[in-house]
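Chemist: The structure follows.
The values are calculated or read from the model by the stated rules, or taken from the named source; none is laboratory data. Fair warning: this is a prediction, and the values are worked out from it, not measured in the lab. In this analysis, Cβ positions are derived from the backbone assuming ideal geometry, glycine residues included, and neighbour counts consider all displayed protein chains. What goes into the accessible areas is simple: the full protein's heavy atoms, side chains included, and nothing from ligands, DNA or RNA. Shrake-Rupley method; radii C 1.70, N 1.55, O 1.52, S 1.80 Å.
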Amino acid sequence: VENLQNKTVSLCPLNMAAAPEQTPLCIFGTGDLGFSLGRRLLQSGYRVVYGSRRPHSCGPLPPGTQVMSHGAAAQSANLVFICIHRENYGFLETLLPELRGKVLVDVSNNLKKNQYPEANAEYLQRLVPGAHVVKGFNTLSAWALQNGPSDANRQVYLCGNSAEAKQTVAETATKLGFTVLDRGSLSAARELEDFPLQLFPEWRMPLRLAVGLTAFFFFYLLIRDVIYAYVEQQKDISFRIMVSLANKVFPIVSLIMLSLCYLPGVIAALLQLYRGTKYKRFPDWLDRWMLCRKQLGLVALAFASLHVLYTLLIPIRYYVRYKVAASTISQIKENRTSEFDTAIAWRTDSYYSVGILGFGLYLLLGITSLPSVSNALSWREFSFIQSKLGYVTLLFCTLHTYLYGWNKFLRPSTYKWYTPPGYMLSLIVPTVVLVVKLLLLLPCVDRTLTRIRQGWERTDPEDGCEKSLLA
């Protein structure tokens with residue numbers, strides 16, 4: 001028995017018994033954010049201790065965590081997450097000895113910009129001068145923390161005056177599955193606190209443009225179609241505002257906004273050809289324009305989808321059914337039939353076919369712009385779809401509009417009050433984009449542009465003269 005006892009082997013690693021107990025992470029605040037953060041930390045292998053003013057009646061907490069007073073919790077941890085509102089920071093002044101040398105992560109936000117004269121993190125640093133305050137995790141919601149990072153909220157912004165404190169917080173965020181972006185010192189805290197208060201910052205310009213174009217073409221077509229008929233022909237066709245007029249505005253705005261997605265790329269190429277280099281920055285307005293091309297395209301797709309839905313309503317409209325029945329009855333009474341026009345049949349079939357193909361490519365562009373789809377594509381695949389197929393989409397949609405107009409531009413009745421119809425105005429920008437793009441695809445131009453984008457620079461004659469003189 002003694003020999004058997006001496007030969008007994010432990011199934012645990014030899015260094016496990018000697019390993020020090022892991023230092024817990026502390027969370028002040030047991031609300032939704034504190035609960036979700038604690039749960040996420042537990043799932044990542046951390047020990048979590050909550051600090052509460054009512055340790056015995058603080059509500060539900062993630063199983064496996066401990067709860068104690070603020071002082072005891074702060075004393076047991078080196079990293080403390082402050083998940084409470086700025087208005088409740090006052091009690092931290094009573095914990096100065098316990099918080100000295102600790103890393104405090106301020107995750108608070110405000111209800112509006114410039115609500116206080118200084119950022120919450122700066123106020124916290126002034127309140128607890130012996131601690132190292134790091135601003136971070138404030139751009140994440142409780143839902144994102146509880147369910148894990150996704151493409152929309154994968155980044156964690158940090159700022160602080162202590163590099164070691166930021167490194168500690170960065171390691172924790174990385175272990176939680178987030179990507180860390182260091183924004184510098186604590187003076188950047190106000191900028192980080194303003195991030196969650198921004199409402200669709202990248203969508204502002206596309207949405208404003210869409211609203212402006214919609215309003216302009218709505219009133220423009222209202223004057224040309226409805227008011228003109230009432231003044232010149234004494235006809236009340238105001239009922240056409242709801243469907244017919246809207247179904248003219250939507251495709252016009254969609255085509256213009258789609259062409260505006262590719263116009264900045266054409267302008268950038270012309271600038272590079274003019275400058276002879278790719279190393280000069282584009283103007284700020286062009287940079288901002290190129291950054292919101294995805295949003296422009298998605299808004300354009302929304303207008304195109306509305307155009308498709310409104311078009312499907314045409315056969316069931318009362319006005320259309322009335323016109324078809326009246327025409328049929330009139331032909332029966334007059335004992336006549338309309339002759340089949342092959343040219344009109346070709347035009348209408350081509351018009352619908354090209355429109356369907358254009359909308360199908362439109363949908364493909366919209367689907368591949370989704371993060372879940374674009375992340376699965378290589379850069380070459382994504383560039384092929386968004387660039388080459390994008391221009392093909394613009395070509396089909398522009399051709400669809402040209403087939404719609406056909407030879408109407410030759411009829412004087414088309415120009416009501418000497419104004420061109422809306423579809424003519426919508427063709428200006430896409431036609432310019434396609435023509436310039438075709439010029440850029442010419443071998444002599446494309447070869448030069450490719451060399452410039454690969455790093456080649458055109459030598460300035462004046463620079464060449466100066467170099468020869470110096471030589």
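Chemist: Report, to the nearest whole %, how much of the accessible area of the stretch 25-197 belongs to carbon and sulfur atoms, 1.4 Å probe, protein only.
Modeler: Carbon plus sulfur share of accessible area: 49 percent.
Chemist: Using R₀ = 35 Å, calculate the FRET efficiency as 1/(1 + (r/R₀)^6) where r is the Cβ-Cβ separation of SER185 and MET424; round to 0.05.
Modeler: With R0 = 35 Å, the Cβ-Cβ based efficiency is 0.05.
Chemist: Pull out a ≥ b ≥ c, the square roots of the eigenvalues of the alpha-carbon gyration tensor of the stretch 25-197, then state rounded if a/c is under 1.5, prolate if not and a/b is larger than b/c, and oblate in the remaining case.
Modeler: rounded
Chemist: In the stretch 201-458, what percent of the accessible surface is made up of carbon and sulfur (1.4 Å probe, ligands and nucleic acids excluded)?
Modeler: So the carbon and sulfur contribution to the accessible surface is 67 percent.
Chemist: For the pair TYR116/TYR274, report the inter-label distance in nm, with labels modelled 7 Å from Cα in the Cβ direction.
Modeler: Going from the TYR116 label point to the TYR274 one covers 4.9 nm.
Chemist: So with the 1.4 Å probe, I'd like the accessible area per residue for the stretch 25-197, rounded to whole Å².
Modeler: Roughly 46 Å² per residue, with all protein chains present.
Chemist: Here's a follow-up. What do the square roots of 5 times the Cα gyration tensor eigenvalues come to for the stretch 70-163, in whole Å, largest first, as semi-axes of the equivalent ellipsoid?
Modeler: Three semi-axes, in Å: 23, 17, 12.
Chemist: Here is a follow-up. Positive end of the charge dipole of the stretch 201-458 (Lys, Arg +1 and Asp, Glu -1 on Cβ, about the Cα centre): tell me which of LEU213, VAL435, VAL243 has its Cα farthest that way.
Modeler: VAL435
Chemist: First obtain the Kirkwood hydrodynamic radius of the stretch 201-458 from its Cα pairs, then insert it into the Stokes-Einstein equation at 10 °C and 1.306 mPa s, and state the resulting D in µm² per second as a whole number.
Modeler: The Stokes-Einstein estimate is 76 µm²/s.
Chemist: May I ask you to derive the FRET efficiency for CYS444 and LYS388 from their Cβ-Cβ distance with R0 = 22 Å, giving the value to the nearest 0.05?
Modeler: The value I calculate is 0.60.
Chemist: Also, quick follow-up: For ASN375 and GLU457 in the same chain, what is the full-extension length gain: residue separation times 0.36 nm, less their Cα-Cα distance, in nm?
Modeler: Extending this stretch completely gives an extra 26.2 nm.
Chemist: Moving to a separate point now. Among the lysines, which have Cα under 22 Å from the Cα of LYS333 when same-chain residues fewer than 8 positions away are ignored?
Modeler: LYS323
Chemist: Explain nothing, just the number: relative contact order of the chain, from Cα pairs under 8 Å at least 6 residues apart, as a whole percent.
Modeler: Averaging sequence separation for qualifying contacts and normalising by length gives 11 percent for the chain.
Chemist: So what are the chain's ellipsoid semi-axes, whole angstrom, largest first, if each one is the square root of 5 times an eigenvalue of the alpha-carbon gyration tensor?
Modeler: Over the Cα atoms of the chain, the semi-axes work out to 62, 32, 25 Å.
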